[in-house]
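Report on the following structure.
The values are calculated or read from the model by the stated rules, or taken from the named source; none is laboratory data. All figures in this text were calculated on a predicted structure; none of them were measured in a lab. Counting neighbours? That spans all protein chains shown, and the Cβs are built from the backbone with ideal geometry, glycine included. We work out accessible area using only protein heavy atoms, side chains counted, and drop any ligands, DNA or RNA first. Shrake-Rupley method; radii C 1.70, N 1.55, O 1.52, S 1.80 Å.
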Amino acid sequence: MKLEYSFQRETIDLSGFWHFRIDPENKGESEKWYEEPQVSEWDELYTPASWNEQDSRYTWYIGTAWYTRAFWLPEDWRSKLTLIFFDGVNYKAKVWVNGIYLGEHEGGFTQFAFRAEKALRFGESNRIVVMVDNTLTGKTVPPGAGMNATYFDFFHYGGIHREAYLLSVPKVHFKDVTIRTEIKGKDGILDIDLEIVNELEEECSCNVTMQVIDEDEAITEERTSVTIGPGAEKTIAQQITVENAEFWGPESPRLYTLRTKLAHDDSKGDVKDTRFGIRTVKVEDGKILLNGRPVFLKGFGRHEDFPVLGKALHGAVLRKDYGLMMYIGANSFRTSHYPYSRTHLDLADEKGFLVILETPAVGLRENVERLDDPEIVEKVCRMTREMIQRDKNRPSVIMYSLFNEPGSEREEFRNILMAAKEEARKADPTRPVTFASCRHLDDVALDLVDALCHNFYYGWYSNCGDLEAAAQTLSETLDELHRRFPEKPIIITEFGAGAIAGVHRHPPEMWSEEYQAELIKTYWKVLLSKDYVSGGHIWNFADFRVGQSPRRTTINRKGIFTRTRDPKLAVRVVKNLFTNTPTYR
Ligand code: ADA
């Protein structure tokens, strides 16, 4: 399978150096910095990347900051529609082009776009200005009170973290494509929804072609036609059978492409490629079934975090990370604690990783007054919807995690969980939902999810230094959870120990590489001894930056790789454990 896939619509990538200026007094908007910024007085920073590690003056900066750059727009874009996309800006963004306000977005890890024709100058230079605000409050998602007072355990970077680009689409175009797959004997059944928009001033009769492309060749073709009124939208539902299909799975991550084409009298029409894999995921009788077979998830909780880049994992780092995960025999990870970038998940589709896709709803616990505060509920639901909208066609995504370690011992948590779950089901009824619990036997919401995910730190935050006691507590807790919910598979979504690379102790002691390796070995033995456990994710793949606190030594050391991806002693141990644990069991 070839790695690349085509992107037929014209784009202009805005990656590169942007002018940058912090605005600690919050005066940029009233002084209209978006109109004609005096960029010679501004700094320059690279995007996509965080502002924090590009210059030490910005390391601890929290608040408002401004970015701007110029870009040239071709004359022939005038006859089409232009959208400006942002794949991730942390945390709030307001966007102007040529001094004209386009809109705003809240949430650092989901994609957003604005229509821009009203502000653009075609065949000329244009200026984009983005105001970014990463202020944390009790009602941001995730919440917090400052750089060293986050209610979550990772560094609160700011900036334009992911790609920004302009996209040109015809006036009649595919707004969205959804592909759901089923398996019938040797065949793949595709249920396809095509949303088409007509922005012409007259009715449009279009011919629509759908091709399934395999290795550059069309293996099926369906045609239909549709008439859409001016300014209206229509959805076409179509079923396509792929005979003798190869199914997607970790051992053979087979990908196909759906090429949709739209033709009508007035323009060249639209073409859109959507990649997919044919596979099913279900939770049944206490197992996670992939294509009908029970799977066991071996892998990690991870972070998008790297020196200098901050929250932007560039392609070379991603290539390195996937190489290491594959070397070690992992088949799965959770996007802890926010949806990862498009490129990040493209590689999961290509390399056959089973992904638990998590929303940014982390830290909603003791410091938050009411978990079901309508403002928080609205944000969590919107981010859930935005996340699923972007990633719903990915074969790698097998489950949605709606929260990490929420205050799920509080009755009111049920309200926000039910709202988020309803949102997820509406956006995608096919995938199981879960959340990562740290309340275990005190959790009041486990009945509401399809699979139980639990983060355990026996042997670290409790049973300190005592792996025998840790194993026993773990085993008893798991058995009790299973007794209460025998029909739900259990995944251990976090377990681990901090290890400072280079610290060695015999007998093993907390913070030493030996202790980390021993703890992982101890947990793995317990997990494998329980039939009802469907996976284990080590916390964490690599060390990652956090705020300053007496509990952390500048970074969180629970990685089995260092922050720059050098192996600790546990790597050999984990490689052995993972490669000897089959994916199907
Ligand atoms: C929590 C949390 C993680 C992580 C871990 C730790 O369980 O889910 O974000 O940082 O604690 O290392 O303490």
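Give the angle, between 0 and 90 degrees and rounded to the nearest 10, that separates the Cα long axis of helix 467-484 from the longest principal axis of the Cα atoms of the chain.
60
So how tilted is helix 374-391 from the main axis of the chain? Cα-based, degrees 0 to 90, rounded to 10.
Helix 374-391 and the main axis of the chain meet at about 80 degrees.
For region 428-442 and region 350-421, what is the separation of their Cα centres, given in Å?
Measuring centre to centre over Cα atoms gives 9 Å.
Which of the pairs Lys234/Lys426; Lys282/Lys568; Lys186/Lys287 have their Cα atoms more than 28 Å apart in this structure?
Check vs 28 Å cut-off fails for Lys282/Lys568.
Please give the net charge around Phe456, taking every other residue with its beta carbon less than 12 angstrom from that of Phe456, where Lys and Arg add +1 and Asp and Glu add -1.
With Lys, Arg at +1 and Asp, Glu at -1, the neighbours total -2.
Before anything else, pin down the relative contact order of region 256-315: Cα pairs under 8 Å, at least 6 apart, normalised by residue count, whole percent.
It comes to 18 percent, rounded to a whole number.
On a 0 to 90 degree scale, rounded to 10, what angle separates helix 513-528 from the longest Cα axis of the chain?
Around 90 degrees separate the two axes.
Distance in nm between label sites at Arg585 and Thr554, each 7 Å beyond Cα in the beta-carbon direction?
Simple spin-label model gives 3.8 nm for this pair.
How high is the relative contact order of the chain, in percent, with contacts defined as C-alpha pairs under 8 Å that are six or more residues apart?
The value is 12 percent.
Please label the shape of the chain as rounded, prolate or oblate, based on the square roots a ≥ b ≥ c of the eigenvalues of the alpha-carbon gyration tensor (a/c under 1.5 means rounded; beyond that, a/b larger than b/c means prolate, else oblate).
oblate
Filter the cross-link list Lys261/Lys320; Lys184/Lys272; Lys80/Lys379 down to pairs whose alpha-carbon distance in this structure exceeds 29 Å.
From the list (Lys261/Lys320; Lys184/Lys272; Lys80/Lys379), the Cα-Cα distance tops 29 Å for Lys261/Lys320; Lys80/Lys379.
Restricting to Cα pairs below 8 Å that are 6+ residues apart, what does the relative contact order work out to for region 456-533? Please round to a whole percent.
30
How much accessible area does His105 have with a 1.4 Å probe, in Å² rounded to the nearest 10?
20
Among the chymotrypsin sites (Phe, Trp or Tyr not before Pro) within region 415-488, which fall in a DSSP loop and have no more than 15 other Cβ atoms within 10 Å of their own Cβ?
Tyr461
As an exercise, identify the chymotrypsin sites (Phe, Trp or Tyr not before Pro) in region 197-282 lying in DSSP coil whose Cβ has no more than 13 other Cβ atoms within 10 Å.
Taking region 197-282 and a limit of 13 other Cβ atoms within 10 Å, no loop chymotrypsin sites (Phe, Trp or Tyr not before Pro) are found.
For region 324-331, just list the computed ³J(HN,Hα) in residue order, Karplus coefficients 6.51, -1.76 and 1.60, θ = phi - 60°, integers in Hz, with x standing in for Gly and Pro.
Per residue, the Karplus-derived 3J(HN,Hα) values read 5, 5, 6, 4, 7, x, 6, 10 Hz.
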